[in-house]
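Heads up: the structure comes next, in structure tokens.
Just so it is clear, none of the values below were taken in a lab; they were calculated from the coordinates. The structure presented is a predicted model; accordingly, all values stated were derived computationally and were not measured. For neighbour counting, all protein chains shown are included, and Cβ atoms are generated from backbone atoms with ideal geometry for every residue, glycine included.
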Amino acid sequence: MVKRNTSKFKISNGVYLDYAATTPIDPGVLKAMLPYLKERYGNPSTIYSLGEEAEIAIDKARKNLAKFLNCQPEEIIFTGSATEANNLAIKGLIKAVRNSQPTIKPHIITTMIEHHAVLEPLKALEKEGAETTYLPVNKNGLINISDLAKAIKENTVLVSVMYANNEIGSTQPLAQIGKLIKHINNLKEKSGNLKTYFHTDAVQAINYLDCNVNRLGVDLLALSAHKIYGPKGVGALYIRKGIPIEPQIYGGGQESGLRSGTENVAGIVGLGTAINKIKSQKSKIKIIEKLRNRLIKGILAEIPDAQLNSPPQNSLPNIVNFSFPGAEGEAIVLDLSRMNIFVSTGSACSSKSLEPSHVLISLGLTEEEAHSSIRFSLGRNTTQQEIDFVLKILPGVVERFRKISGYK
């Protein structure tokens, strides 16, 4: 049993355990952004000094991202979100391939547990004639590398595998996948077949995992500012030099012609500042992991039949997903919210959907088990007092709803 001391704990500001949905903006990030919302408000496309200041700020942010990812600044394209970055990567690549080789039916490989920002563009492409293979995952949310190897065909132009899952925290072996694709491309080159490109949605991974694009072997990588203590409304896409991409937004030709529209200067500055701060915050990862483990231990000790859905290994240190059979997940979320405890039932982007989580169903859970799931995601500001307070409140909430449902 976990010993808890909540006697002096106040929750006036709430207990926030939904960092995978969004993070609070870092004070230093906000400070860096403010001048570009006030006195340095110039349009970076103009040639006078006010605009040049904005352009210099964007260039600095681009260099910050390039340093973090170990790539060239010109390989970074700023977007309005990670969703847009994923759409640009997937749809932009397939459009470019089709334009260059119109007789080819493009084949794409992905996983069954991708974010909707990947799955929905793929569905749209399928309606246009593309072929997609969805790789299954095991109970820990991991694909089998041999399944991927067998799925790659002569017309496979894209493999899209998320780095870390946003609902259960499982992390895929990207470096292994990168090596496999490199090997297959060497064989394809000899036979004159179409090259296979490698894309990853790295939104949840940026804070915690190695994102050196060369070590990972990825060609395209999407990320978001608001998941790393930056502002909402800005993301980025790494595009390895030489990768064919067609723009999805046309206009004034900003971002090397790949993403037209006046840049969100303040947001980009925020993203560049936030990504610069990640290295200095690495020491907090162990603290977050320790608190997550305390939460897991406490739930398993005090809530009968609690079912851990997150893998014990190959997982992010901040995300944990549980099912509480006999208690509706959404009801638990709302009841905890009334006590200023904020968690979610899964992906924030689809939390209002009545459909069970496709991620949990892919793990082998029943619809009932998926509907009874709760995702807890910790962050830099999470404290032991907060975890202990949740462990004090949560068992009673689950028990109450189980009694209502007649669960035994």
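At-a-glance table
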quantity: Candidates Leu174, Leu223 - the one that is under 24 Å from Ile94 (Cβ atoms) and touching a residue at least 60 places away in the same chain (Cβ under 8 Å); calculated: Leu223
quantity: Members of the stretch 76-121 found to be aliphatic (A, V, I, L, M) and within 17 Å of the chain's Cα centre (by Cα), listed by number; calculated: Ala82, Ala85, Leu88, Ala89, Ile90, Met112, Ile113, Ala117, Val118, Leu119
quantity: Positions within the stretch 226-243 being part of a loop (DSSP other than H, G, I, E, B) and out of contact with any Ser or Thr (no Cβ under 9 Å at 6 or more places or on another chain), in sequence order; calculated: Pro231, Arg240, Lys241, Gly242, Ile243
quantity: Looking only at the stretch 85-106, and only at residues there that are crowded, with 21+ Cβ neighbours inside 10 Å and not hydrophobic (A, V, I, L, M, F, W, C), the one that is farthest from Arg259 (Cα to Cα); calculated: Pro106
quantity: Meets criteria (more than 27 Å from Pro356 (Cβ to Cβ) and of a type in the set (S, T, N, Q)) for Asn165; calculated: no
quantity: Residues of the stretch 24-72 classified as in contact with a helix residue (DSSP H, G or I) (Cβ under 8 Å, 6 or more places away or on another chain), of a type in the set (Lys, Arg), in a helix (DSSP H, G or I) and over 23 Å from Asp210 (Cα atoms), total; calculated: 0
quantity: Among (1) outside any strand (DSSP E or B); (2) among the hydroxyl-bearing types (Ser, Thr, Tyr); (3) in contact with a strand residue (DSSP E or B) (Cβ under 6 Å, 6 or more places away or on another chain) - the single one Tyr208 does not satisfy; calculated: (3)
quantity: Looking only at the stretch 97-137, and only at residues there that are free of Cβ contacts under 8 Å to residues at least 12 places away in the same chain and outside any helix (DSSP H, G or I), the one that is nearest to His199 (Cα to Cα); calculated: Glu128
quantity: Sole residue being farther than 19 Å from Val203 by Cβ, part of a loop (DSSP other than H, G, I, E, B) and in contact (Cβ under 8 Å) with a residue 60 or more places away in the chain, chosen from Leu258, Leu295, Leu291; calculated: Leu258
